[in-house]
Amino acid sequence: MKAFALANRFLTIIPWPSPPEEYGPGEARSALRRFPLVGLVMGLVLVAGDWALSVIFHLAVRDAILVAGLIFLSGGVQIRAVGALTDGLYGGGDSPATTPGGAAIMGILLLKFSVLLSLPAGGRWSALILAPTLGRAAMAYLLVQIPGTGEPPEGAAELTAEATANEAHAALVWSFAVCLVFGFIGGAVVALGAGVVVIGLRRATEGRECRGDVHAAAGEIVEVVALLIASAWWG
(Lines give C-alpha, C1' and ligand atoms only; values in the text may rest on other atoms or scores of the structure.)
Protein backbone atom coordinates (compact mmCIF):
# COMPACT_ATOMS: atom_id res chain seq x y z
CA MET A 1 0.00 0.00 0.00
CA LYS A 2 2.92 2.37 0.67
CA ALA A 3 4.22 1.84 -2.84
CA PHE A 4 0.79 2.40 -4.38
CA ALA A 5 0.30 5.57 -2.30
CA LEU A 6 3.66 6.91 -3.52
CA ALA A 7 2.76 6.20 -7.12
CA ASN A 8 -0.66 7.79 -6.63
CA ARG A 9 0.89 10.96 -5.18
CA PHE A 10 3.29 11.15 -8.10
CA LEU A 11 0.69 10.65 -10.85
CA THR A 12 -2.64 12.04 -9.66
CA ILE A 13 -4.33 14.59 -7.45
CA ILE A 14 -6.48 11.90 -5.81
CA PRO A 15 -5.97 12.41 -2.05
CA TRP A 16 -6.41 8.78 -1.01
CA PRO A 17 -4.47 6.76 -0.11
CA SER A 18 -2.28 9.40 1.48
CA PRO A 19 1.46 8.89 0.93
CA PRO A 20 3.61 7.82 3.87
CA GLU A 21 5.80 10.41 5.54
CA GLU A 22 8.73 7.99 5.61
CA TYR A 23 9.58 5.26 3.16
CA GLY A 24 12.61 3.30 2.11
CA PRO A 25 14.22 2.66 -1.27
CA GLY A 26 12.29 -0.59 -1.55
CA GLU A 27 8.93 1.20 -1.47
CA ALA A 28 10.24 3.83 -3.91
CA ARG A 29 11.29 1.18 -6.42
CA SER A 30 8.04 -0.70 -5.97
CA ALA A 31 6.09 2.50 -6.64
CA LEU A 32 7.23 2.36 -10.27
CA ARG A 33 5.69 -1.10 -10.58
CA ARG A 34 2.39 0.34 -9.32
CA PHE A 35 2.15 3.04 -12.00
CA PRO A 36 -0.15 0.90 -14.21
CA LEU A 37 -2.38 0.15 -11.22
CA VAL A 38 -2.79 3.87 -10.60
CA GLY A 39 -3.75 4.20 -14.26
CA LEU A 40 -6.25 1.39 -13.76
CA VAL A 41 -7.85 3.26 -10.85
CA MET A 42 -8.04 6.41 -12.98
CA GLY A 43 -9.71 4.40 -15.74
CA LEU A 44 -12.25 2.92 -13.34
CA VAL A 45 -13.05 6.43 -12.08
CA LEU A 46 -13.67 7.50 -15.69
CA VAL A 47 -15.91 4.49 -16.31
CA ALA A 48 -17.91 5.20 -13.16
CA GLY A 49 -18.22 8.84 -14.18
CA ASP A 50 -19.34 7.89 -17.68
CA TRP A 51 -22.01 5.59 -16.26
CA ALA A 52 -23.29 8.25 -13.86
CA LEU A 53 -23.27 11.01 -16.49
CA SER A 54 -25.15 8.84 -18.99
CA VAL A 55 -28.30 9.45 -16.97
CA ILE A 56 -28.10 13.19 -17.58
CA PHE A 57 -25.96 14.07 -20.59
CA HIS A 58 -25.72 13.25 -24.27
CA LEU A 59 -22.75 11.17 -25.44
CA ALA A 60 -20.78 14.11 -26.86
CA VAL A 61 -21.10 16.08 -23.63
CA ARG A 62 -19.97 13.06 -21.62
CA ASP A 63 -16.94 12.62 -23.87
CA ALA A 64 -15.89 16.23 -23.38
CA ILE A 65 -16.24 15.85 -19.61
CA LEU A 66 -14.23 12.61 -19.64
CA VAL A 67 -11.38 14.19 -21.61
CA ALA A 68 -11.31 17.09 -19.18
CA GLY A 69 -11.63 14.70 -16.24
CA LEU A 70 -8.55 12.74 -17.23
CA ILE A 71 -6.56 15.97 -17.39
CA PHE A 72 -7.94 16.99 -14.00
CA LEU A 73 -7.09 13.66 -12.35
CA SER A 74 -3.48 13.91 -13.52
CA GLY A 75 -3.17 17.55 -12.50
CA GLY A 76 -2.62 18.54 -16.13
CA VAL A 77 1.01 17.39 -15.93
CA GLN A 78 1.01 15.25 -19.06
CA ILE A 79 -0.79 17.63 -21.38
CA ARG A 80 1.45 20.52 -20.31
CA ALA A 81 4.49 18.34 -20.91
CA VAL A 82 3.38 17.73 -24.50
CA GLY A 83 3.20 21.48 -25.07
CA ALA A 84 6.61 22.12 -23.54
CA LEU A 85 8.24 19.29 -25.48
CA THR A 86 6.73 20.42 -28.79
CA ASP A 87 7.80 24.01 -28.22
CA GLY A 88 11.29 22.79 -27.38
CA LEU A 89 11.50 20.85 -30.65
CA TYR A 90 9.94 23.43 -32.97
CA GLY A 91 10.32 26.78 -31.20
CA GLY A 92 7.82 28.93 -29.38
CA GLY A 93 5.42 31.62 -30.56
CA ASP A 94 4.06 34.94 -29.41
CA SER A 95 1.29 33.44 -27.27
CA PRO A 96 0.37 30.00 -25.93
CA ALA A 97 -2.42 29.75 -28.49
CA THR A 98 -0.06 30.19 -31.46
CA THR A 99 2.86 28.04 -30.32
CA PRO A 100 3.48 24.57 -31.75
CA GLY A 101 2.91 23.29 -28.24
CA GLY A 102 -0.52 24.89 -28.12
CA ALA A 103 -1.39 23.32 -31.45
CA ALA A 104 -0.19 19.92 -30.22
CA ILE A 105 -2.34 20.19 -27.10
CA MET A 106 -5.42 21.13 -29.13
CA GLY A 107 -4.76 18.27 -31.53
CA ILE A 108 -4.51 15.73 -28.72
CA LEU A 109 -7.71 16.96 -27.08
CA LEU A 110 -9.61 16.80 -30.36
CA LEU A 111 -8.25 13.32 -31.09
CA LYS A 112 -9.29 12.00 -27.70
CA PHE A 113 -12.75 13.52 -27.99
CA SER A 114 -13.24 12.17 -31.53
CA VAL A 115 -12.07 8.68 -30.60
CA LEU A 116 -14.34 8.45 -27.58
CA LEU A 117 -17.25 9.67 -29.68
CA SER A 118 -16.59 6.96 -32.27
CA LEU A 119 -16.27 4.05 -29.84
CA PRO A 120 -19.27 1.73 -29.52
CA ALA A 121 -20.57 0.69 -26.13
CA GLY A 122 -18.72 -2.64 -26.31
CA GLY A 123 -15.26 -1.12 -26.40
CA ARG A 124 -15.83 2.26 -24.80
CA TRP A 125 -15.25 1.30 -21.20
CA SER A 126 -12.34 -0.96 -22.09
CA ALA A 127 -10.64 1.94 -23.88
CA LEU A 128 -11.23 4.26 -20.93
CA ILE A 129 -9.41 1.79 -18.69
CA LEU A 130 -6.62 0.77 -21.06
CA ALA A 131 -5.49 4.25 -22.11
CA PRO A 132 -4.52 5.65 -18.67
CA THR A 133 -3.09 2.28 -17.63
CA LEU A 134 -0.75 2.09 -20.62
CA GLY A 135 0.12 5.79 -20.38
CA ARG A 136 1.33 5.37 -16.77
CA ALA A 137 3.19 2.18 -17.63
CA ALA A 138 5.02 4.07 -20.38
CA MET A 139 6.03 6.74 -17.88
CA ALA A 140 7.41 4.15 -15.44
CA TYR A 141 9.34 2.39 -18.20
CA LEU A 142 10.89 5.56 -19.62
CA LEU A 143 11.72 7.03 -16.21
CA VAL A 144 14.01 4.03 -15.68
CA GLN A 145 15.28 3.57 -19.22
CA ILE A 146 16.04 7.23 -20.05
CA PRO A 147 16.19 9.00 -16.67
CA GLY A 148 18.45 11.79 -17.97
CA THR A 149 16.19 12.94 -20.79
CA GLY A 150 14.53 16.34 -20.46
CA GLU A 151 13.36 17.59 -17.07
CA PRO A 152 12.09 14.70 -14.94
CA PRO A 153 8.94 15.52 -12.98
CA GLU A 154 9.19 16.58 -9.35
CA GLY A 155 9.91 13.62 -7.13
CA ALA A 156 11.15 11.40 -9.95
CA ALA A 157 14.66 11.24 -8.52
CA GLU A 158 13.32 9.64 -5.34
CA LEU A 159 11.58 6.88 -7.28
CA THR A 160 14.35 6.16 -9.76
CA ALA A 161 17.43 6.54 -7.54
CA GLU A 162 17.90 2.77 -7.15
CA ALA A 163 15.47 1.57 -9.81
CA THR A 164 16.54 -1.11 -12.27
CA ALA A 165 15.24 -2.50 -15.52
CA ASN A 166 13.22 -4.98 -13.43
CA GLU A 167 10.90 -2.18 -12.29
CA ALA A 168 10.49 -0.91 -15.85
CA HIS A 169 9.66 -4.34 -17.22
CA ALA A 170 7.35 -5.13 -14.31
CA ALA A 171 5.31 -2.02 -15.10
CA LEU A 172 4.89 -3.21 -18.69
CA VAL A 173 3.88 -6.70 -17.54
CA TRP A 174 1.29 -5.29 -15.13
CA SER A 175 -0.16 -3.07 -17.85
CA PHE A 176 -0.37 -6.00 -20.27
CA ALA A 177 -2.21 -8.05 -17.64
CA VAL A 178 -4.72 -5.24 -17.11
CA CYS A 179 -5.26 -5.00 -20.86
CA LEU A 180 -5.95 -8.74 -21.09
CA VAL A 181 -8.43 -8.65 -18.21
CA PHE A 182 -10.39 -5.63 -19.42
CA GLY A 183 -9.94 -5.94 -23.18
CA PHE A 184 -9.24 -9.60 -23.96
CA ILE A 185 -7.79 -9.97 -27.48
CA GLY A 186 -8.48 -6.33 -28.29
CA GLY A 187 -6.70 -5.32 -25.10
CA ALA A 188 -3.66 -7.36 -26.10
CA VAL A 189 -3.62 -5.67 -29.51
CA VAL A 190 -3.83 -2.22 -27.92
CA ALA A 191 -1.06 -3.11 -25.47
CA LEU A 192 1.26 -4.38 -28.19
CA GLY A 193 0.67 -1.29 -30.32
CA ALA A 194 1.36 0.98 -27.37
CA GLY A 195 4.50 -1.04 -26.60
CA VAL A 196 5.83 -0.41 -30.11
CA VAL A 197 5.27 3.32 -29.60
CA VAL A 198 7.06 3.26 -26.24
CA ILE A 199 10.11 1.56 -27.76
CA GLY A 200 10.06 4.08 -30.59
CA LEU A 201 9.91 7.00 -28.15
CA ARG A 202 12.80 5.54 -26.21
CA ARG A 203 14.96 5.26 -29.31
CA ALA A 204 13.94 8.72 -30.56
CA THR A 205 14.75 10.54 -27.30
CA GLU A 206 17.64 8.52 -25.90
CA GLY A 207 20.77 10.62 -25.76
CA ARG A 208 19.06 13.78 -27.08
CA GLU A 209 18.71 17.12 -25.36
CA CYS A 210 14.98 17.68 -24.97
CA ARG A 211 13.10 20.46 -23.25
CA GLY A 212 10.44 19.67 -20.71
CA ASP A 213 9.22 16.50 -19.08
CA VAL A 214 9.68 13.91 -21.82
CA HIS A 215 8.38 11.10 -19.62
CA ALA A 216 5.00 12.70 -18.93
CA ALA A 217 4.68 13.77 -22.57
CA ALA A 218 5.33 10.18 -23.63
CA GLY A 219 2.57 9.02 -21.30
CA GLU A 220 0.13 11.39 -22.99
CA ILE A 221 1.21 10.25 -26.45
CA VAL A 222 0.75 6.59 -25.51
CA GLU A 223 -2.73 7.37 -24.16
CA VAL A 224 -3.72 8.85 -27.52
CA VAL A 225 -2.22 5.92 -29.45
CA ALA A 226 -4.02 3.42 -27.21
CA LEU A 227 -7.34 5.17 -27.83
CA LEU A 228 -6.72 5.24 -31.60
CA ILE A 229 -5.93 1.52 -31.70
CA ALA A 230 -8.97 0.81 -29.53
CA SER A 231 -11.12 2.77 -31.97
CA ALA A 232 -9.71 0.83 -34.91
CA TRP A 233 -10.36 -2.49 -33.14
CA TRP A 234 -13.76 -1.87 -31.58
CA GLY A 235 -15.03 0.92 -33.80
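The values are calculated or read from the model by the stated rules, or taken from the named source; none is laboratory data. This one's a predicted model, so the numbers in the text were calculated from it and none came from an experiment. So basically every Cβ, Gly included, is an ideal-geometry build from the backbone, and we count neighbours across all protein chains shown.
Assorted remarks:
- All of (1) closer than 14 Å to A217 by Cα; (2) modelled with pLDDT under 90; (3) not β-branched (V, I, T) hold for S95 with one exception: (1).
- Residue match in the stretch 75-89 (condition: modelled with pLDDT under 90 and surrounded by fewer than 17 Cβ atoms within 10 Å (Cβ to Cβ)): yes
- Residue check, P147 surrounded by 14 or more Cβ atoms within 10 Å (Cβ to Cβ), under 20 Å from R29 (Cβ atoms), touching a Phe, Trp or Tyr at 6+ places or on another chain (Cβ under 8 Å) and modelled with pLDDT under 80: no
- Any pair with Cβ under 6 angstrom, 6 or more apart, that starts in the stretch 47-64 at a residue that is among the basic types (K, R) and ends at one that is surrounded by 17 or more Cβ atoms within 10 Å (Cβ to Cβ): R62/D50; R62/L53
- Among the conditions (1) under 28 Å from A168 (Cα atoms); (2) crowded, with 16+ Cβ neighbours inside 10 Å; (3) out of contact with any Gly (no Cβ under 6 Å at 6 or more places or on another chain), the only one that D63 does not satisfy is (1).
- Selection status of V55, of a type in the set (A, V, I, L, M, F, W, C), more than 17 Å from V181 (Cβ to Cβ) and over 19 Å from the mean Cα position of the chain (by Cα): yes
- R203 without any contact (Cβ under 8 Å) to a residue 60 or more places away in the chain, assigned to a helix (DSSP H, G or I) and closer than 21 Å to L85 by Cβ: yes
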